[in-house]
Each structure stands twice: as C-alpha cells, then as structure tokens.
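The values are calculated or read from the model by the stated rules, or taken from the named source; none is laboratory data. Since the structure is predicted, the reported quantities are computational estimates derived from the model, not experimental observations. Don't worry about glycine lacking a Cβ; one is built from the backbone with ideal geometry, like all the others, and counts go over all protein chains shown. Side chains included, ligands, DNA and RNA excluded: accessible areas come from the protein's heavy atoms. Shrake-Rupley method; radii C 1.70, N 1.55, O 1.52, S 1.80 Å.
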Amino acid sequence: MNHDKSASLIARAERSIPGGVNSPVRAFKGVGGTPVFFASGRGAWITDVDGNRYIDYVGSWGPMLQGHAFPAVIEAVRARAQRGLGFGAPSEIEVELAEAVVERFPAIEKVRMVNSGTEATMTAIRLARGHTGRDMIVKFKGCYHGHSDALLAEAGSGLLTLGLPNSPGVPEDTAKHTLTLPFNDPDAISAAFERYDEHIAAVIVEPVAGNMGCVPPRAGFLEALRTLTSDAGSILIFDEVITGFRIGSAGAQGTYGVLPDLTTLGKVIGGGLPVGAIGGKAEIMDRLAPVGPVYQAGTLSGNPLAMTAGLAMLESLDAAFYESLASTTHRLADGMTEAAETHRVPLAVNRTCGMFSLFFKDGTVRNYDDVAAADVDRYRRFFHAMLEQGVYFAPSAFETAFVSGAHGDNEVVRTLEAADRVFADLPWNKSATR
C-alpha cells in the first residue's frame with residue numbers, strides 16, 4: 001500500500017504539534033513506521049488519505065459500537081446542530097441521557113456529565129476523598145484511568161509502599177497518596193487493607209482491563225474488592241469508560257454482578273463525540289457542587305451535540321445487538337487462535353463481548369506482568385503485515401481490539417484469512433524490520 005500522503009502529513013504536523021500527534025499512541029512509537037492519517041469511515045471500514053481501505057478494529061478506541069457514520073447518530077447530530085451547538089446552560093437532552101444511563105446501570109442513581117474519561121476519573125477520586133475524608137487511592141498496574149496527577153503514579157520500592165511519579169510534572173507529594181497493586185490479585189488487595197485500612201479513600205479499577213490489552217477479572221477478584229472496600233468504609237470505583245455499554249447493556253457491573261459505589265463512563269455515551277460521566281449512589285453524588293462541597297464544573301459539560309449522539313447510540317442497543325456482538329467477537333478470537341495453532345505461533349487471545357486482544361506468548365494473560373512477557377516485536381511485525389492486508393489493529397501491543405455491530409461475516413472472514421496468511425508468511429523467528 002502507498003502511504004505517501006500520510007508520510008507528508010506527519011512531517012507537516014511535527015512542525016506545529018508535539019510529535020505530530022494529539023495523543024501519544026497515534027505516533028506509532030509502539031510499532032514503528034509512519035502513522036496513518038485517516039479521511040473517512042463507514043461501518044466497519046475506514047479509508048486513509050492515500051485512498052487505502054481497512055477493516056477497523058480501533059473504532060476510535062471504543063465508542064464506535066455501531067461502526068463509523070452510524071446513520072441514527074449522524075441524523076440526530078445533524079438535526080441538533082441546526083438548532084445550535086451549545087448554550088453553556090441546561091438543555092432537555094442532558095436530562096434525557098442522564099435518565100437513560102440511570103435506567104440502564106444498576107449502581108447509578110445520579111450522574112454528572114463531563115467531557116472526557118480523564119475528567120470523570122479525576123472527579124471520582126476527588127469525590128471519594130471528599131466523601132470519606134481520606135487521601136489514599138489504590139489502583140492496579142496496567143489499568144489506565146486518564147492522565148490526572150493522582151493516577152500517574154507507580155508503586156514505590158516495595159509491594160505495599162506508596163507511589164512515586166511516573167511522569168515528569170507530577171509532584172511526589174501527590175503521587176505518594178497512590179498505591180499501585182497487581183491486577184487480579186485478591187491477596188495483594190487484602191494485604192493493602194490490612195496495612196492501610198483507615199487511610200484508603202477509594203479503590204479504582206477497570207473491571208475488565210482495556211489499557212494493557214483486554215484482561216478480564218479472575219473469579220472472585222471484583223467480589224474481593226467489593227467486600228474489602230465496604231468493610232473499610234472506602235469507595236469502590238469502577239472505571240467503565242471502555243466497558244460501559246460495550247460489553248453489555250449495564251457494563252461490567254451488570255455482567256459480573258458486582259456493584260461499585262461510583263462508576264465512570266465515556267466512549268459510547270458520546271456516540272463518537274467527546275464525553276465522560278461519573279455516576280453512583282445518590283448520597284455520594286450529592287456531595288458534588290452545587291448541592292455539596294466537592295467542586296466540579298465544566299463549561300461544555302452536557303453539550304447538546306454529545307448528549308444527542310450518546311442517546312441515539314444507546315437507543316440502538318438491545319439484547320439482540322449484544323448477542324450478535326458477542327458472537328462476532330468470539331468468532332474472531334477463536335479464529336485467531338486456530339490460525340496461530342495451525343502455524344505454530346505462540347498466541348494467547350483474551351476476549352469479552354466487543355473486545356479482544358492478541359498476546360504473542362504461551363500461557364494465560366491475567367495481569368500486567370503476563371502482558372509484559374509477550375513478544376512485542378512479533379506484534380509489531382503482525383501489525384504492519386495486517387495493515388498491508390487491509391486490516392487496522394491498534395498501533396500498540398498493549399491495547400484492545402474493538403468489534404462493532406458493523407463487523408459482519410464479510411469482515412470476519414477477511415480478517416481471519418488475512419491473519420492466516422500473515423501467520424504463515426512472517427519470519428517469526430527472525431529480527432525482521434519493516
């Protein structure tokens with residue numbers, strides 16, 4: 001495939017944008033080569049500026065649950081835009097989307113709309129601290145919750161030591177209130193509560209990890225978080241920015257039957273436009289201004305265009321949709337596994353409804369250490385070979401592939417045929433470069 005226009009655009013972009021991109025993963029640092037610039041998308045397909053077409057498994061990192069340019073969303077946004085782009089004041093559509101979220105999510109009694117997942121998780125942390133009067137936050141290695149200071153911290157010198165900054169610009173005094181533990185390890189979280197019980201304001205977790213690849217929870221892990229936080233008077237926060245409305249109509253909490261105190265949402269509830277939300281128990285949510293003392297505000301929060309797109313998306317999702325989405329996801333995951341086995345390529349495939357990940361290694365993948373043990377170079381070669389076959393996966397070995405309702409038999413067959421050719425042809429045992 002020819003990528004001359006993309007190469008020209010990244011060179012031009014680097015003169016006015018740091019790294020030439022507005023989010024780091026787009027820079028292709030994880031896979032090498034030239035970032036692809038896209039011009040359009042429809043259904044499960046996207047077209048780049050050079051006219052190449054690809055089956056898309058990025059889906060704008062999750063929100064395109066019905067594929068690109070979904071007619072119901074496009075028409076709703078077009079009609080809303082003709083009545084004004086926003087007012088900085090309340091509008092009825094905010095109430096309608098809030099009611100739809102509350103109706104569908106069992107752990108949400110009230111919801112506050114914001115503009116991004118980062119803003120939602122940042123607010124959840126502040127609200128948990130304000131509600132409990134405590135400072136310490138527990139998070140899990142490999143789970144990403146946006147780039148706010150409190151959540152850009154890693155563990156200190158020992159398993160149960162408080163955090164150190166893992167990005168310049170994050171003060172040590174902020175990071176030291178964060179404890180990072182291994183995902184899917186109930187013993188580690190139990191030890192943390194034994195040591196820090198009365199200091200822990202909140203535990204925040206992706207109930208299905210999506211930012212180190214797709215890593216579902218082991219049996220009993222989420223239940224342990226619920227029991228320990230309840231016993232300690234701490235707040236349990238489910239970051240469902242990715243999983244909310246993607247893996248089921250009530251997200252991971254509906255799928256696994258574990259209800260958090262607070263939930264953060266994003267992606268799907270914007271229908272492809274920028275949005276986030278925080279919701280939870282009324283007694284906690286009412287601690288937010290203007291009712292309570294915990295301050296949060298946003299000029300564009302509840303923007304009518306985003307609310308309209310989100311409501312149109314949610315109204316399109318029913319039981320039949322999720323049944324079909326799960327079936328498609330499992331067909332892709334099983335097909336990838338079969339192709340890898342045929343060509344003796346070590347591959348672990350994790351999946352849940354609407355999400356799957358490929359890890360080039362033997363054995364299971366249950367936490368970040370398992371993810372880190374996968375062969376990143378093999379993923380790099382796989383990524384570029386699939387790109388040449390017209391299939392676009394995430395440009396990083398540590399991200400999730402997203403399936404949409406627009407991925408049908410044609411896309412599944414084409415993807416698996418491409419993977420079979422790639423597994424057969426690539427020099428897997430050589431340090432090949434692109």
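Do any trypsin sites (Lys or Arg not before Pro) in region 59-153 lie in a loop, going by DSSP, with at most 11 other beta-carbon atoms within 10 Å of their beta carbon, and if so which?
Working: sites: R78, R80, R83, R104, K110, R112, R126, R129, R134, K139, K141; in loops: R83, R134.
Here the trypsin sites (Lys or Arg not before Pro) that fit, given the DSSP loop and packing criteria, are R83.
What do the square roots of 5 times the Cα gyration tensor eigenvalues come to for region 258-366, in whole Å, largest first, as semi-axes of the equivalent ellipsoid? Kindly include the intermediate steps, with their values, before the conclusion.
Numbers: eigenvalues 294, 66, 33 Å².
Square roots of five times the eigenvalues give 38, 18, 13 Å.
Assuming a ≥ b ≥ c are the square roots of the Cα gyration tensor eigenvalues, decide whether region 204-320 counts as rounded (a/c under 1.5), prolate (otherwise, with a/b larger than b/c) or oblate.
Details: a/c = 2.08, a/b = 1.13, b/c = 1.85.
Oblate, since a/c reaches 1.5 and b/c is not below a/b.
Report the dimensions of region 1-113 along its three principal axes from the alpha-carbon atoms, largest first, rounded to Å.
The Cα atoms of region 1-113 stretch 48, 33, 29 Å along the principal axes, largest first.
So what J values fall out for region 76-81 if you push phi through Karplus, 6.51 cos²θ - 1.76 cosθ + 1.60 with θ = phi - 60°, rounded to Hz, Gly and Pro as x?
5, 5, 4, 5, 5, 4
Calculated FRET efficiency, S8 and E223, Cβ-Cβ r, R0 45 Å, to nearest 0.05? Each step should come with its number before you reach the end.
Details: r = 53 Å, r/R0 = 1.18.
Calculated transfer efficiency: 0.25.
Given the chain reduced to its alpha-carbon atoms as identical point scatterers, what log10 I(q)/I(0) does the Debye formula return at q = 0.06, 0.08 Å⁻¹?
-0.25, -0.45
Test of understanding: given the chain, find the longest segment containing no chymotrypsin sites (Phe, Trp or Tyr not before Pro) that are in a DSSP loop and have at most 15 other Cβ atoms within 10 Å.
On the way: sites that count: F87, Y295.
It works out to 88-294.
Ignoring any ligand, DNA or RNA, what whole percent of the accessible area of the chain comes from carbon and sulfur when the probe is 1.4 angstrom?
Answer for the chain: carbon and sulfur cover 50 percent of the accessible area.
Once the piece of chain linking D425 and S249 is laid out straight, how much longer is it, given 0.36 nm per residue of separation minus the C-alpha distance between them? Mind showing how you got there, number by number?
Values: separation 176, 0.36 × 176 = 63.36 nm, distance 4.02 nm.
Separation in residues times 0.36 nm, less the Cα-Cα distance, equals 59.3 nm.
Given springs between every Cα pair under 10 Å in a Gaussian network model of the chain, which of S40, S301, S23 has the largest fluctuation?
Taking springs between Cα atoms under 10 Å, the residue moving most is S23.
Roughly how many nanometres apart are two label points built 7 Å out from the Cα toward the Cβ at E75 and L300?
Going from the E75 label point to the L300 one covers 2.7 nm.
If you plug each phi of region 118-129 into the Karplus form 6.51 cos²θ - 1.76 cosθ + 1.60 with θ = phi - 60°, what whole-Hz ³J(HN,Hα) values come out, in order, with x for Gly and Pro?
4, 5, 5, 5, 4, 5, 4, 5, 4, 5, 5, 5
Select from E240, E399, E14 the residue whose mean-square fluctuation is largest in a Gaussian network model of the chain (Cα-Cα springs shorter than 10 Å).
Of E240, E399, E14, the most mobile in the Gaussian network model is E14.
Send over a whole-number figure in Å² for the accessible area per residue of region 155-233, probe 1.4 Å. Write down the numbers at each step before the final one.
On the way: 3260 Å² over 79 residues.
Roughly 41 Å² per residue, with all protein chains present.
Is the shape of region 348-434 rounded, prolate or oblate, going by the alpha carbon gyration tensor and its root eigenvalues a ≥ b ≥ c, with a/c under 1.5 for rounded and a/b larger than b/c for prolate?
Values: a/c = 1.95, a/b = 1.10, b/c = 1.77.
Oblate, since a/c reaches 1.5 and b/c is not below a/b.
List, in order, the whole-Hz ³J(HN,Hα) value for each residue of region 175-192 obtained from phi through the Karplus relation with A = 6.51, B = -1.76, C = 1.60 and θ = phi - 60°; use x for Gly and Pro.
Residue by residue, region 175-192 yields 5, 5, 8, 10, 10, 10, 10, x, 5, 6, 10, x, 5, 5, 6, 4, 5, 4 Hz.
Could you tell me the ratio Rg/Rh of region 57-165? Both radii from Cα atoms, Rh via Kirkwood.
Details: Rg = 18.6 Å, Rh = 17.6 Å.
Taking Rg over the Kirkwood Rh, I get 1.06.
Scan around M136 for amide H atoms under 5 Å from its own, H built in the peptide plane at 1.01 Å from N, and keep only partners 5 or more places away or cross-chain.
A201
Decide, for region 142-274, between rounded, prolate and oblate: order the square roots of the alpha carbon gyration tensor eigenvalues as a ≥ b ≥ c, take rounded if a/c falls under 1.5, and otherwise choose prolate if a/b is larger than b/c, else oblate.
Working: a/c = 1.91, a/b = 1.24, b/c = 1.54.
In terms of gyration-tensor shape, oblate.
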